[in-house]
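Worksheet for the structure shown next.
The values are calculated or read from the model by the stated rules, or taken from the named source; none is laboratory data. Note that the structure is a prediction, hence the values are computed from the model and not measured. So basically every Cβ, Gly included, is an ideal-geometry build from the backbone, and we count neighbours across all protein chains shown. Remember, those area values only see protein heavy atoms, side chains included, never the ligands or the DNA or RNA. Shrake-Rupley method; radii C 1.70, N 1.55, O 1.52, S 1.80 Å.
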Amino acid sequence: MAAPLTLLLIVAVTIRAVLFRSSLADLISERVEVVSPLNAWKRVVEGLALLDLGVSPYSGDVFHETPLIIYLFHFLVDYAEIVFVVADGITAVALYLSVQIYNKNVFRKQKYALEADRYPADCLELLRSPKEMFYIPLKVAMFYLLNPFTILSCVAKSTCGLNNAVIALFILCTLKGSAMMSGILLALATYQSIYPLTLFAPALLFFLQRLYIPVNLRRSSFWCFVLQYAFVYVGSLVVITGLSFFLLGSWDFIPSVYGFIFSVPDLTPNIGLFWYFFAEMFEHFRLFFICVFQINIFFYTLPLAIKLREHPVFLMFMQIAIISIFKSYPTVGDVALYMAFLPAWNHLYRFLRNIFLVSCVLLACSALFPVLWHLWIYAGSANSNFYYAITLLFNFGQILLVSDYFYAYLRREHHLTHGLYLKKKDGTEATLVLK
């Protein structure tokens, strides 16, 4: 598989290099679907200019990235294009290796369950074969590297690509069983954008499952490992934050980065749900609804962790998708990360109910974003309602996609336990309903 992956990387680098040298690069870097006030490259450049003048980059309302990012590009600004291409390559390779490890674990568990005769006889057709799983890691890497969303994000030099690389490395270290590196990389991802905090639960569940420690609040072994992993995570976060203070000489970055993410003061249009809603919001209601919108991301973690406690990798996918949909300043680069995992769940296709509808909605919205933006901003024949309507539809499509995969995953697991052809008490065929 090394040769196909190498060829894929060469093709991906070539596409990006051509676009970097084309006249489209400047146009792409201005698209509100691709960059946000948090990760736009022009804001990084302005922050670097302030830093070179001896002024804090956080003294104005321009730069909202973390200190480590600005100091990274302080030394590598002349090689920025290479940095973003390498970040995409690292993400793809990390996802490739992660899915490879995950498939091996799935096949091993499936083999043990077969030997123990745990599956009903009529559901053997649902089991996965090595031949079916062989090309899935390559498909995952391809879905990431050749996804137009990823390519646009890279060409725009959005720092979202760096965040994706950190999250992908976190997933790889988690699946490899390295709790220390997992905690450190999760802390780095949280430091970058807060929201990856919700990935703590699936990572913890994975390690507990790997070490055969039951999730039991009365067991000392459970609390011992929870405290160890939490110590690595929190300790790393404190060290990284302290390093940022040491580099910058002040705590200005905390309100400028994390306060900016939570309070959403910049209402520049994007593909998220926040900007239009708060542009129309009366000021005295703003704090309440900001809390409601922000809690939305964290609210799903506990119920999903309870329902998917035996399936932490799928829980990780669900959490990454929820972050990309409900975060305050989403871009298409965030969407590309969780969409790369879709080939890993190709065994769920037979249970998906709305995949054709969702595919059409997402493709149509992707095509209509620039059209409605042009009609609103340049032609003046539309208004913000048109653009927000298409963002609502785009997010509706994503929610429908994620919930459809959630339903399909639970349905397959139910069939593996109770059989494929379910019957009611009166002998008629039963229908599964997700409640």
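Out of the residues in segment 382-427 that are closer than 21 Å to GLU30 by Cβ and among the polar types (S, T, N, Q), which is most open to solvent (accessible area, probe 1.4 Å)?
Residue satisfying both the conditions and the ranking: ASN383.
Filter segment 41-63 down to the residues that are charged (D, E, K, R) and surrounded by fewer than 16 Cβ atoms within 10 Å (Cβ to Cβ), then identify the one that is modelled with the lowest pLDDT.
If we filter segment 41-63 for residues that are charged (D, E, K, R), which is where we start, we get 42-43, 46, 52, 61.
In the following step, the residues that additionally are surrounded by fewer than 16 Cβ atoms within 10 Å (Cβ to Cβ) were identified as 42, 46, 52, 61.
Working: LYS42: 93, GLU46: 92, ASP52: 88, ASP61: 83.
Looking at the filtered set, the residue picked out is ASP61.
Report those helices (runs of 4 or more DSSP H) wholly inside segment 176-294 carrying at least 1 residues which are more than 23 Å from the chain's Cα centre (by Cα).
Numbers: elements: 179-193, 200-210, 220-248, 260-263, 274-279.
Helices (runs of 4 or more DSSP H) meeting the threshold: 200-210, 220-248, 274-279.
Give the residues of segment 190-206 that are open to solvent by less than 10 Å² (accessible area, probe 1.4 Å) and either among the small types (Gly, Ala, Ser) or out of contact with any helix residue (DSSP H, G or I) (no Cβ under 6 Å at 6 or more places or on another chain) (or both), sorted by residue number.
Scanning segment 190-206 gives a single hit, ALA203.
Being without any contact (Cβ under 8 Å) to a residue 24 or more places away in the chain and among the aliphatic types (A, V, I, L, M) is the filter here, so list the residues in segment 183-229 that pass it.
Selection gives LEU185, LEU208, LEU211, ILE213, LEU217, VAL226, LEU227.
Looking at segment 369-388, I want the residues that are on the phi > 0 side of the Ramachandran plot and at pLDDT below 90 and have a partner that is surrounded by 16 or more Cβ atoms within 10 Å (Cβ to Cβ) and assigned to a helix (DSSP H, G or I) with Cβ atoms under 9 Å, at least 6 apart or on another chain. Which pairs are those?
Sorted first by the residue in segment 369-388, then by its partner, the list stays empty.
Any idea which residue in segment 348-360 is farthest from THR150 (Cα to Cα), counting only those that are part of a helix (DSSP H, G or I) and open to solvent by 20 Å² or more (accessible area, probe 1.4 Å)? It would help to see each step written out before you state the result.
So in segment 348-360, the residues part of a helix (DSSP H, G or I) come out as 348-351, 355-360.
Applying the additional criterion that residues be open to solvent by 20 Å² or more (accessible area, probe 1.4 Å) yields 349-350, 355-357, 359-360.
Values: TYR349: 24, ARG350: 28, ILE355: 21, PHE356: 22, LEU357: 23, SER359: 18, CYS360: 19 Å.
Ranking the qualifying residues of segment 348-360, first place goes to ARG350.
Are any of the residues in segment 413-421 touching a residue at least 24 places away in the same chain (Cβ under 8 Å), touching a Cys at 6+ places or on another chain (Cβ under 8 Å), closer than 25 Å to PRO130 by Cβ and in a helix (DSSP H, G or I)?
Yes, because at least one residue in segment 413-421 is touching a residue at least 24 places away in the same chain (Cβ under 8 Å), touching a Cys at 6+ places or on another chain (Cβ under 8 Å), closer than 25 Å to PRO130 by Cβ and in a helix (DSSP H, G or I).
Determine, yes or no, whether ARG210 is modelled with pLDDT under 90, of a type in the set (D, E, K, R) and either farther than 24 Å from LYS109 by Cβ or open to solvent by 20 Å² or more (accessible area, probe 1.4 Å) (or both).
Working: modelled with pLDDT under 90: no; of a type in the set (D, E, K, R): yes; either farther than 24 Å from LYS109 by Cβ or open to solvent by 20 Å² or more (accessible area, probe 1.4 Å) (or both): yes.
No; evaluated as a whole, the condition is false for this residue.
Which condition number in (1) farther than 30 Å from SER263 by Cβ; (2) buried (at least 16 other Cβ atoms within 10 Å of the Cβ) is the one that SER328 fails?
Going through the list (1) farther than 30 Å from SER263 by Cβ; (2) buried (at least 16 other Cβ atoms within 10 Å of the Cβ), SER328 breaks only (1).
Could you grab me the full set of residues in segment 295-312 that are in a helix (DSSP H, G or I), open to solvent by less than 20 Å² (accessible area, probe 1.4 Å) and in contact with a Phe, Trp or Tyr (Cβ under 8 Å, 6 or more places away or on another chain)?
ILE297, PRO312
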